[in-house]
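Notes follow the structure.
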Amino acid sequence: MSLAEYTVEGAVARIALNRPPVNALNAELIASIDTAIDQASDDTVRAVVIHGTKHFAAGADITRFVDAFESEGANEPMASGLADTVRRLEQLEKPVIAAITGYALGGGLELAMGADFRFMADDAKVGQPEILLGIIPGAGGTQRLQRLIGFQRAKELNMSGRHVPADEALALGIVDQVHPADAVVEAAMTHAAAFATGPTKAYAAVKQAMGEGYGRPIDEAMAAERDAFNGCFSTEDAKTGILAFINKEKPDFVGR
């Protein structure tokens with residue numbers, strides 16, 4: 001059985017992390033997530049949901065960190081591997097929703113931040129507790145978190161290492177929706193199914209324009225937007241959407 005089980009429902013891919021008891025991230029689980037991302041890259045998949053079993057992912061497998069003391073740089077491959085995986089998830093050319101149950105801590109929250117949207121169970125907790133081990137996040141926790149919630153709030157969470165409950169995570173903007181624990185995955189799947197009927201290439205263009213333009217001077221950011229606009233304007237879905245608007249019809253987007 002794969003540590004990241006991949007299934008498809010309609011045009012929605014589901015990636016379910018399954019390394020009991022808490023989905024601690026190790027090299028094997030990260031590699032399995034990578035394989036699932038490869039599969040989700042297929043054009044027939046138009047939205048993705050990633051979730052855990054009881055827990056989303058309660059951080060890295062700390063037992064592997066001991067190797068870092070015995071061999072200089074031994075921890076670097078796992079940190080860089082997770083960072084690469086999060087970036088690949090972030091760059092998928094379709095909407096991605098992370099459904100968070102239990103704990104999403106450390107690398108688990110970093111993985112969830114690679115998604116476009118985060119839905120959280122009302123009894124779940126998120127955080128970047130690496131500081132409590134005398135280390136810092138290594139897969140984007142100091143960078144993506146400040147993009148989500150601002151510099152000072154992200155600094156406080158990274159320097160306190162505290163666990164953030166669902167209501168505060170929603171208020172801060174770490175997550176987008178909160179649902180009962182037994183309904184959060186289904187809510188994410190329902191939302192993803194709606195995305196799966198939309199203009200997939202245009203969603204990808206939004207991700208491209210915003211990702212490339214963020215933090216850059218306005219002229220450079222506008223150039224990124226212009227390139228993304230030109231790319232999606234020539235798609236089949238753009239023609240469908242524009243003609244449907246003119247004819248006062250509902251567009252039937254095909255994702256191309």
Candidates Ala238, Ala244, Ala221, filtered to the one that is under 29 Å from Leu148 (Cβ atoms) and among the aliphatic types (A, V, I, L, M)
Ala221
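Among the residues that make up segment 88-100, is at least one of them aliphatic (A, V, I, L, M) and farther than 27 Å from Val206 by Cα? It would help to see each step written out before you state the result.
Our first condition is that a residue be aliphatic (A, V, I, L, M); within segment 88-100, this holds for 89, 92, 96-100.
With the extra rule that they be farther than 27 Å from Val206 by Cα, the set shrinks to none.
Within segment 88-100, none of the residues are aliphatic (A, V, I, L, M) and farther than 27 Å from Val206 by Cα.
Name the one entry in Val86, Val96 that is closer than 17 Å to Val49 by Cβ, among the β-branched types (Val, Ile, Thr), in the same structural domain as Ser32 (by TED's automatic domain parsing) and out of contact with any strand residue (DSSP E or B) (no Cβ under 9 Å at 6 or more places or on another chain). Explain how you work it out, then say what you get.
Values: Val96 fails: out of contact with any strand residue (DSSP E or B) (no Cβ under 9 Å at 6 or more places or on another chain).
None of the others qualify; the one that does is Val86.
The values are calculated or read from the model by the stated rules, or taken from the named source; none is laboratory data. The shown structure was predicted, so the numbers you read here are calculated from the model rather than taken from an experiment. Note that we place each Cβ from the backbone using ideal geometry, even for glycine, and neighbour counts take in every protein chain shown.
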